[in-house]
Ligand code: PSU
Ligand code: MN
């Protein structure tokens with residue numbers, strides 16, 4: 001299946017910015033960035049500054065950023081300044097998972113894309129490397145709510161390398177790791193044999209494979225391609241530096257409160273993750289936000305270095 005053939009196939013095809021199109025054509029490094037973290041994962045007005053900062057970090061590391069969102073019914077890969085501002089500032093921006101893309105395009109709607117929608121659109125337009133904060137996964141209390149992020153199933157059949165600080169620690173991390181194994185999604189610890197814990201440098205869970213450099217990640221990607229078989233994501237789990245992690249005791253206490261508040265207020269579905277992230281930010285006096293941002297910055301920079309190693313073939 002050609003991943004690039006659809007990019008100019010009618011009004012529902014993703015629109016690439018000129019910069020991203022040129023970079024892809026010239027085999028220069030490109031890094032996909034999601035927009036849900038901007039629109040729904042970070043407080044305004046800081047979110048716009050962060051969005052711009054993340055794009056700047058990709059550029060400083062020698063790659064082209066491709067922030068992905070849906071605007072007025074058009075999927076966009078690579079946003080200009082005004083488009084990025086809309087994503088960050090427009091309170092009507094919806095949260096779009098992969099399954100929401102078709103209805104959003106048909107309705108002419110606008111929304112930020114989650115990991116699942118971003119990875120899908122990125123792969124469709126020929127991108128291979130994607131950076132975010134923490135993946136969605138299996139929520140605590142799954143046996144009652146069946147709340148498992150669509151991120152996991154989509155990544156299980158999409159050939160993207162995803163750089164993240166593990167999965168969000170608001171989740172059931174061991175259950176999520178188990179699901180990733182069942183779904184056949186590869187996990188590499190970057191400079192660590194422990195799975196990162198999003199706000200925390202370590203979740204305490206082991207990972208089976210450790211890599212130490214962008215070149216090693218690119219080599220695993222080459223081996224993936226040489227083996228062939230069905231597409232599946234490769235997760236590069238990059239811990240937040242220990243000096244920048246959230247204090248683990250504070251994390252555990254405030255997270256327990258956040259989960260209780262979520263249950264009490266009956267928050268469900270797509271609202272759960274933004275609710276918990278916001279609760280943590282407010283009740284740690286912003287410390288969780290700083291840890292989240294430190295993680296994302298590291299991931300974006302590493303993704304650009306991996307993209308550089310990948311295109312240097
Ligand atoms: N990483 C962050 N902040 C976020 C997210 C990731 O640091 O807000 C977003 C991603 O878009 C991810 C989504 O796909 O949270 C998961 O939402 P849900 O659990 O509803 O699938
Ligand atoms: Mn969910």
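Given the condition touching a helix residue (DSSP H, G or I) at 6+ places or on another chain (Cβ under 7 Å), surrounded by fewer than 24 Cβ atoms within 10 Å (Cβ to Cβ) and under 15 Å from residue 126 (Cβ atoms), answer yes or no: does some residue in the stretch 46-56 qualify?
No, there is no match, as no residue in the stretch 46-56 is touching a helix residue (DSSP H, G or I) at 6+ places or on another chain (Cβ under 7 Å), surrounded by fewer than 24 Cβ atoms within 10 Å (Cβ to Cβ) and under 15 Å from residue 126 (Cβ atoms).
Please verify whether the stretch 162-174 includes one or more residues that are within 16 Å of ligand 2 (Cβ to nearest atom), farther than 27 Å from residue 243 by Cα and free of Cβ contacts under 8 Å to residues at least 60 places away in the same chain. It would help to see each step written out before you state the result.
From the stretch 162-174, those within 16 Å of ligand 2 (Cβ to nearest atom) are 167-173; that's our starting set.
Then keep just the ones that are farther than 27 Å from residue 243 by Cα; that gives none.
No: the stretch 162-174 contains no residue that is within 16 Å of ligand 2 (Cβ to nearest atom), farther than 27 Å from residue 243 by Cα and free of Cβ contacts under 8 Å to residues at least 60 places away in the same chain.
Do we have any residue at all in the stretch 251-258 that's in a helix (DSSP H, G or I), in contact with a helix residue (DSSP H, G or I) (Cβ under 7 Å, 6 or more places away or on another chain) and surrounded by fewer than 19 Cβ atoms within 10 Å (Cβ to Cβ)? First the steps, then the outcome.
Taking the stretch 251-258 first, the residues in a helix (DSSP H, G or I) are 251-258.
When the remaining residues are screened for being in contact with a helix residue (DSSP H, G or I) (Cβ under 7 Å, 6 or more places away or on another chain), the result is 254-255, 257-258.
So of that shortlist, the ones also surrounded by fewer than 19 Cβ atoms within 10 Å (Cβ to Cβ) come out as 257.
Checking the stretch 251-258: at least one residue is in a helix (DSSP H, G or I), in contact with a helix residue (DSSP H, G or I) (Cβ under 7 Å, 6 or more places away or on another chain) and surrounded by fewer than 19 Cβ atoms within 10 Å (Cβ to Cβ).
Among the residues of the stretch 288-310, are any modelled with pLDDT of 95 or more and assigned to a loop (DSSP other than H, G, I, E, B)? First the steps, then the outcome.
Looking only at the stretch 288-310, we keep the residues that are modelled with pLDDT of 95 or more, and these are 288-310.
So of that shortlist, the ones also assigned to a loop (DSSP other than H, G, I, E, B) come out as none.
Scanning the stretch 288-310 turns up no residue that is modelled with pLDDT of 95 or more and assigned to a loop (DSSP other than H, G, I, E, B).
Looking at the stretch 137-153, which of the residues that are farther than 12 Å from residue 172 by Cβ and near ligand 2 (Cβ under 10 Å from one of its atoms) is surrounded by the most Cβ atoms within 10 Å (Cβ to Cβ)?
Restricting to residues being farther than 12 Å from residue 172 by Cβ and near ligand 2 (Cβ under 10 Å from one of its atoms), the top hit is 151.
Quick one: would you say residue 110 is out of contact with any helix residue (DSSP H, G or I) (no Cβ under 7 Å at 6 or more places or on another chain) and either surrounded by fewer than 24 Cβ atoms within 10 Å (Cβ to Cβ) or without any contact (Cβ under 8 Å) to a residue 60 or more places away in the chain (or both)? Spell out the reasoning first.
Numbers: out of contact with any helix residue (DSSP H, G or I) (no Cβ under 7 Å at 6 or more places or on another chain): yes; either surrounded by fewer than 24 Cβ atoms within 10 Å (Cβ to Cβ) or without any contact (Cβ under 8 Å) to a residue 60 or more places away in the chain (or both): yes.
For residue 110, the condition - out of contact with any helix residue (DSSP H, G or I) (no Cβ under 7 Å at 6 or more places or on another chain) and either surrounded by fewer than 24 Cβ atoms within 10 Å (Cβ to Cβ) or without any contact (Cβ under 8 Å) to a residue 60 or more places away in the chain (or both) - is met.
Counting only residues that are outside any loop (DSSP other than H, G, I, E, B) and surrounded by 22 or more Cβ atoms within 10 Å (Cβ to Cβ), which one in the stretch 189-203 is nearest to the chain's Cα centre (by Cα)?
Let us first name the residues in the stretch 189-203 that are outside any loop (DSSP other than H, G, I, E, B), namely 189-190, 194, 197, 200.
Among the residues that remain, those that are also surrounded by 22 or more Cβ atoms within 10 Å (Cβ to Cβ) are: 189-190, 197, 200.
Values: 189: 16, 190: 16, 197: 15, 200: 17 Å.
My answer is 197.
Which of the helices (runs of 4 or more DSSP H) found entirely inside the stretch 1-97 contain at least 2 residues meeting this: under 17 Å from the mean Cα position of the chain (by Cα)?
On the way: elements: 18-25, 36-40, 46-60, 81-89.
Helices (runs of 4 or more DSSP H) meeting the threshold: 36-40, 46-60, 81-89.
For the stretch 212-241, enumerate the residues that are surrounded by fewer than 19 Cβ atoms within 10 Å (Cβ to Cβ) and outside any loop (DSSP other than H, G, I, E, B).
Keep residues of the stretch 212-241 that are surrounded by fewer than 19 Cβ atoms within 10 Å (Cβ to Cβ), which gives 212-213, 215-216, 219-220, 222-232, 241.
Matches in the stretch 212-241: 215, 216, 219, 220, 222, 223, 224, 225, 226, 227.
Could you please let me know if residue 100 is at pLDDT 95 or above and closer than 19 Å to residue 270 by Cβ? I'd like the intermediate steps shown before the answer.
Working: at pLDDT 95 or above: yes; closer than 19 Å to residue 270 by Cβ: yes.
Answer is yes for this residue.
So residue 156 clears everything in (1) farther than 19 Å from residue 195 by Cβ; (2) surrounded by fewer than 24 Cβ atoms within 10 Å (Cβ to Cβ); (3) more than 15 Å from ligand 2 (Cβ to nearest atom); (4) under 15 Å from the mean Cα position of the chain (by Cα) except one condition, right? Which one?
Evaluating residue 156 over (1) farther than 19 Å from residue 195 by Cβ; (2) surrounded by fewer than 24 Cβ atoms within 10 Å (Cβ to Cβ); (3) more than 15 Å from ligand 2 (Cβ to nearest atom); (4) under 15 Å from the mean Cα position of the chain (by Cα) leaves (1) as the failure.
So if I check each of 37, 68, which one is under 30 Å from residue 282 (Cα atoms) and within 16 Å of ligand 2 (Cβ to nearest atom)?
On the way: 68 fails: within 16 Å of ligand 2 (Cβ to nearest atom).
Within the list 37, 68, the selection yields 37.
Listed here are the residues, each with its yes/no results for (1) in a helix (DSSP H, G or I); (2) closer than 20 Å to residue 196 by Cβ; (3) within 16 Å of ligand 2 (Cβ to nearest atom).
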position: 246; (1), (2), (3): no, yes, no
position: 263; (1), (2), (3): yes, no, yes
position: 270; (1), (2), (3): yes, no, yes
position: 273; (1), (2), (3): yes, yes, yes
position: 276; (1), (2), (3): yes, yes, yes
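Give me a count of the residues in the stretch 275-286 that are farther than 14 Å from residue 257 by Cβ and surrounded by 19 or more Cβ atoms within 10 Å (Cβ to Cβ).
Selection size over the stretch 275-286: 0.
With (1) more than 12 Å from ligand 1 (Cβ to nearest atom); (2) surrounded by fewer than 22 Cβ atoms within 10 Å (Cβ to Cβ); (3) within 29 Å of residue 221 (Cα to Cα) as the list, and residue 122 as the residue in question, which single condition is left unmet?
(2) is the only condition that residue 122 fails.
Would it be correct to say that residue 15 is within 24 Å of residue 104 (Cα to Cα), away from ligand 1 (no atom under 16 Å from the Cβ) and modelled with pLDDT under 95? Break it down stepwise before answering.
Details: within 24 Å of residue 104 (Cα to Cα): yes; away from ligand 1 (no atom under 16 Å from the Cβ): yes; modelled with pLDDT under 95: no.
Taking the combined requirement at face value, the residue does not satisfy it.
The values are calculated or read from the model by the stated rules, or taken from the named source; none is laboratory data. No experiment lies behind these values; they were computed from the predicted model shown. With ideal geometry, Cβ positions are generated from the backbone for all residues, glycine too; neighbour counts draw on all protein chains shown.
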